[in-house]
Structures are given as C-alpha cells and as structure tokens.
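Reviewing the structure listed below.
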Amino acid sequence: MDWRAKVDLFEQLRREHEFGIGTIAGVAAKFGVHRRMVRQALAGALPPPHRYPPRAKPKLGVVADFMDKVLDEDRLAPRKQRHTARLYRRILTEFPDATVAEPTVRNHIRARKRQMGLDRRATFVPQSYGWAQEAQVDW
C-alpha cells in the first residue's frame, strides 16, 4: 500500500470512528485492518514512518573494510583514476574466496560516497535574459 492510499485509509478510519460505528474494534472489523492501525489513524492524520531494522551483510562484511580503505585513498587521486566499476574486478582478484555480487558492491560504494560527500554536484547554467532578447517557439 503506497503512502497516499494509506493517508486516504486513515481519513476513512477517522470518519468512521467519528460518525459511524464509534468503536475501534468495530472500525477495524469493517475495514479489515488491525486495531493498532485504527489507533494510529485516530492519533494523527499521517501514518507513522516505517522503520526497517538494520540487516546483517555477511558476504559484504568480508570486503567492506577493503572498499572503504580504497575509497579513502581515492579522495587524493585524480578524478580519472578513481575506482568505480573496476573495484569489483579488483575484489575478485585480491579476495578469490569472496562471493559478493557486483550490484552489492556498487550499492555499497554509492552509499559510502554519499556519506563521504563524494557524490556528484548539481551542475546548472543560470539563464537570465532581458526583455525581447531571446524567444523559444514550439511548432
């Protein structure tokens, strides 16, 4: 269930409790939801954010320290010499027993680069024109 649908459901639950059945158990039975969800709807209009517990990454744990060390070294390297896709090949050669998948390595690198502040900057060209200097026509 997406977020907007859940907000609509919360509104229906609140209205039914206010103007309809009037009991938490009755509203839950009518809509086929848990009583906890009815209580959440009565407490606020927005559903609480879902918190996912952190998961263990046993296959990535073997090479995670190595990848972090390489990314730290890449901070000093020129832009063209930094590791991106080549890091997976390097892991395969230096850790032949590691059974980590390439998408797992890419996702870890992407997350670590965001944490380190190495993700790309937004590039834009500000455009400001005086009146009647430029025009765009769509045929």
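The values are calculated or read from the model by the stated rules, or taken from the named source; none is laboratory data. Nothing here was measured: the structure is a model prediction, and the numbers come from that model. We place every Cβ from the backbone using ideal geometry, glycine too, and count neighbours over all the protein chains shown. Please note that ligands, DNA and RNA were not included when accessible areas were found on the heavy atoms of the full protein model with its side chains. Shrake-Rupley method; radii C 1.70, N 1.55, O 1.52, S 1.80 Å.
A few remarks follow.
- A full extension of the chain between ALA135 and ALA45 corresponds to an added length of 27.8 nm, given 0.36 nm per residue minus the alpha carbon distance.
- Under the combined filter of DSSP loop state and at most 10 neighbouring Cβ atoms within 10 Å, region 1-53 retains these trypsin sites (Lys or Arg not before Pro): ARG51.
- In the context of the full protein assembly, ILE21 retains an accessible surface of approximately 80 Å², using a probe radius of 1.4 Å and ignoring ligands and nucleic acids.
- Two-decimal Rg/Rh across the chain, once Rg and the Kirkwood Rh are taken from alpha-carbon atoms: 1.26
- Qualifying lysines (Cα of each under 24 Å from Cα of LYS30; at least 8 residues distant if same chain): LYS6
- ARG90-LYS59 pseudo-label distance in nm [points 7 Å out on the Cα-to-Cβ vector]: 2.1 nm
- Estimated translational D of region 35-80 in µm²/s (Stokes, Kirkwood radius over Cα pairs; 37 °C; 0.692 mPa s): 218 µm²/s
- Accessible surface, 1.4 Å probe, highest first, among residues TYR129, TYR52, TYR88: TYR52, TYR129, TYR88
- Pairwise Cα distances in region 58-139 exceed 20 Å for 47 percent of all pairs.
- Remark: the chain carries a charge dipole of roughly 440 debye about the Cα centre, counting +1 on each Lys and Arg Cβ and -1 on each Asp and Glu Cβ.
- Taking all protein chains as they are arranged and a probe of 1.4 Å, the heavy atoms of GLU102 leave approximately 80 Å² accessible to solvent.
- The length gained on full extension between GLN81 and LYS113, counted as 0.36 nm times the residue separation minus their Cα-Cα distance, comes to 10.0 nm.
- Helical contribution to [θ] at 222 nm, DSSP H n ≥ 4, -39,500 (n - 2.57), averaged over the chain, rounded to 500: -15000 deg cm²/dmol
- Working from label points 7 Å from Cα in the Cα-to-Cβ sense, the ALA98 to ALA29 distance is 5.8 nm.
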